[in-house]
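Everything on this sheet refers to the single structure shown next.
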Amino acid sequence: MSTYPEPAVTFVRGEGSRLYDADGRAYLDFLSGLAVTSLGHAHPAVAEAVCDQARTLLHVSNLYGTTIGPEVAATLDRLVGDGQSVGGRVFFCNSGAEANECAFKLARRWAGPGRHVVVSAYGSFHGRTLATLHATGQPEKHEPFQPLPEGFRHVAWNDAGALEKAASGDEVAAVILEAVQGEGGVNPATPEYFQAVRRICDEHGLLFIVDEVQTGLGRTGRWFGFQHFDAMPDVVTIAKALGNGVPIGACWASEQVAVAFRPGDHATTFGGQPFATAAARAVLQVMQDEDVPSRAQSAGARLRKGLEAIPAVADVRGLGLLLAARLDGVDAKDAAARTLDAGLIVNPVSPTALRFAPSLLVSDEEIDEALGIVAEVLA
Ligand code: PLP
């Protein structure tokens, strides 16, 4: 269906930070899907795990047990705790939107009848299903699909006062925020904001849901974006990088919140199946072996410094390897089209900014090559 514009390029193969079109032309991929292939394309360990699992067991219904899902859940719980298990629980699904849907249903179940409202921020992005679209704080995206499911309220981003006002109603159950607004333009939260949100949620008895679909699993230089801010959420949603391209999402919740779900409250045919969780297990193993948060920090610092040195770049925002370069008097869409022509994939995250989200295993040489292309195109 015509939900996407006509593509400028069609890719047939990938390896590490490179994608290849049908003519064999190579492109440096500094977008990684949309922050999905954090280990690069065709990572051997992930490819091996996926092939092996396909030969062993692809699918079992969730009416029966499997061994891999619980293992991945335990690892995610440890990473949410920054290396220390916190005893939370995980529901596996197939996408970021589904992880957020799970979080909203869990919040309603936890809060009880009459408390169903979820507060989110303007500029946020939480998905394209009807509920996650309403949570998404971009009213222009709502209009063609009205009426949307009731129960979502939006407040100004990084404004604790606005959030406190919206959160004080009796019908409010939860707050959902990104650590860095990705689709909204790569706008990081401040530590003060996240700490204030934690306090407000505690004072009003609300769940603090952090949407780490784009920021999670090392991309920002910590395992999860909220870990920069010293504010522990009650629920964390994860997807994109978890399967390095194999569709999988996860909704983590602390034990005392997760128990609000009873058997039959929520379900999925495909979520948690051996195939996707085998990919996730391999991804998380490589991520830990390679210490991807540290790599995102050091590679991110190199990329940021290089971008800041380009005359047409006004400033650079973001964390780790989720960065946006604000351009000075250059249309970002035009710039992205020209970098693609020059063999580099980036994306115009706003009319004035280019987003950079390369593989977390990107080499210094690849960063320097990308910087050279950006500098030439902008010049
Ligand atoms: N949440 C955030 C922060 C996202 O960036 C996205 C996708 O870009 C989503 C949710 C939705 O994820 P999906 O497209 O897998 O449904």
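Only the Cβ atoms of Lys and Arg (+1) and of Asp and Glu (-1) were treated as charged; on that basis the dipole of the stretch 48-290 about its Cα centre amounts to roughly 400 debye. Of the residues Gly343, Gly329, Gly243, the one that moves most in a GNM of the chain with alpha-carbon contacts below 10 Å is Gly329.
Cα centroids of the stretch 54-90 and the stretch 238-302: 9 Å apart. Extension gain, Asp23 to Asp170, is 46.9 nm, computed as 0.36 nm per intervening residue step minus the present C-alpha separation. Remark on Phe152: its backbone amide H falls under 5 Å from those of Val118, a criterion applied only to residues 5 or more positions apart or on other chains, H modelled at 1.01 Å from N. One Cα centroid belongs to the stretch 1-51, the other to the stretch 194-233; the line between them spans 30 Å. Amide hydrogen proximity for Val180: with H placed 1.01 Å from N in the peptide plane, the residues at 5 or more positions away or on another chain lying under 5 Å are Ala189. For the stretch 119-157, trypsin sites (Lys or Arg not before Pro) are listed when DSSP marks them as loop and at most 16 other Cβ atoms sit within 10 Å of their Cβ; the list is Arg128.
Taking N as the number of residues in the chain, what value does Rg over Cα atoms divided by 2.2 N^0.38 Å take?
Numbers: Rg = 20.3 Å, N = 379, 2.2 N^0.38 = 21.0 Å.
Computed over Cα atoms of the chain, the ratio equals 0.97.
Within the stretch 48-290, DSSP assigns beta bridges of which about 40% are antiparallel (rounded to the nearest 5).
Could you please state how large a percent of the accessible area of the stretch 73-186 is carbon and sulfur, counting protein chains only and using a 1.4 Å probe? C and S atoms contribute 52 percent here.
Entry note, the stretch 228-379: relative contact order of 17 percent, from Cα contacts under 8 Å with a spacing of 6+ residues. From the alpha carbon centroid of the stretch 122-176 to that of the stretch 309-349 is 29 Å. Rounded to the nearest 20, the Cβ-based charge dipole of the stretch 128-224 about its Cα centre (Lys and Arg +1, Asp and Glu -1) stands at 280 debye. Sparse packing (at most 14 other Cβ atoms within 10 Å of the Cβ) combined with a DSSP loop state is found for the following chymotrypsin sites (Phe, Trp or Tyr not before Pro) in the stretch 43-108: Tyr64. Solvent-accessible surface of the chain, averaged per residue with a 1.4 angstrom probe and all protein chains in place: 42 square angstrom. For the chain, which cysteines have no disulfide-compatible partner, meaning no other cysteine Cβ under 4.7 Å? Cys with no partner Cβ under 4.7 Å: Cys51, Cys93, Cys201. Judged by the ratio a/c of the largest to the smallest principal axis of the C-alpha gyration tensor, the stretch 175-257 counts as oblate, that ratio being 1.5 or greater while a/b is no larger than b/c. Using a Gaussian network model of the chain in which every pair of alpha carbons under 10 angstrom is joined by a spring, one finds that among Glu140, Glu366, Glu48 the greatest mean-square fluctuation is at Glu140. Note on the stretch 296-379: with neighbouring protein chains present and a 1.4 Å probe, carbon and sulfur make up 50 percent of its accessible heavy-atom surface. Helical runs assigned H by DSSP (4 residues or longer) give the chain a calculated mean residue ellipticity at 222 nm of -11000 deg cm²/dmol, each run adding -39500 (n - 2.57) before division by the residue total.
On alpha carbon coordinates alone, what is the Rg over Rh value for the stretch 1-80, Rh being the Kirkwood radius? Numbers along the way, then the final one.
Values: Rg = 17.1 Å, Rh = 15.8 Å.
A ratio of 1.08.
The values are calculated or read from the model by the stated rules, or taken from the named source; none is laboratory data. Fair warning: this is a prediction, and the values are worked out from it, not measured in the lab. So basically every Cβ, Gly included, is an ideal-geometry build from the backbone, and we count neighbours across all protein chains shown. When the accessible area is computed, the model is the full protein with side chains, heavy atoms only, and any ligands, DNA or RNA have been set aside. Shrake-Rupley method; radii C 1.70, N 1.55, O 1.52, S 1.80 Å.
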